[in-house]
1. Could you work out the local net charge near Leu15, counting Lys and Arg as +1, Asp and Glu as -1, over the other residues with Cβ closer than 15 Å to its Cβ?
2. I need the Debye-formula profile for the range 6-61: one equal scatterer per C-alpha, no solvent, reported as log10 I(q)/I(0) at q = 0.25, 0.27 1/Å, two decimals.
Amino acid sequence: MTEHATGTRGIAIALIGYLMLVVLQLIAYFLTNVLVLLAQALEMLSDTLISTLLLLAVFYSRRPADEFHMLGHGRAQNVAALSQVRKVILCFLRKSVAWRFTSWMLL
C-alpha cells in the first residue's frame with residue numbers, strides 16, 4: 001500500500017469513528033437528557049469537520065502541477081494542519097479564559 005493510500009485510509013477510519021461516536025452520543029442524550037452528552041457530541045462533530053477538511057486536503061494535494069501551481073498542490077496539507085492547530089489553540093484559550101472568570105467562585 002502506498003504512503004498516500006495509508007494516510008487517506010487512516011483519516012477515513014477516524015472520520016467514520018467520529019461519526020459513529022456522534023450518533024451514539026446523540027442517542028444517549030435523547031434517552032437520558034444528560035446535557036454533557038449533547039456537549040460532547042457537538043465537540044465530536046467539530047472534530048468530524050476538521051477530519052473532513054484534512055481528508056479533502058489530502059485529495060487536493062495529490063493534484064498534479066498546473067500553470068499556476070508549478071510545484072503541485074502539496075502545501076494544501078500544511079494549510080489543513082494549521083487549521084487543526086488553530087482549533088486546539090482556540091479551545092485552550094477559551095478554557096483558560098473561562099477558568100479565570102470562574103475561579104474566583106471557588107474561593
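1. Its environment carries a net charge of 0.
2. For the range 6-61, the Cα-only Debye profile gives -0.87, -0.95.
Every number in this text was worked out from the coordinates using simple rules, so none of it is lab data. What you see is a predicted model, and the numbers here were worked out from it, not measured in a lab. All Cβ positions, even for glycine, are placed from backbone atoms using ideal geometry, and neighbour counts span all protein chains on display.
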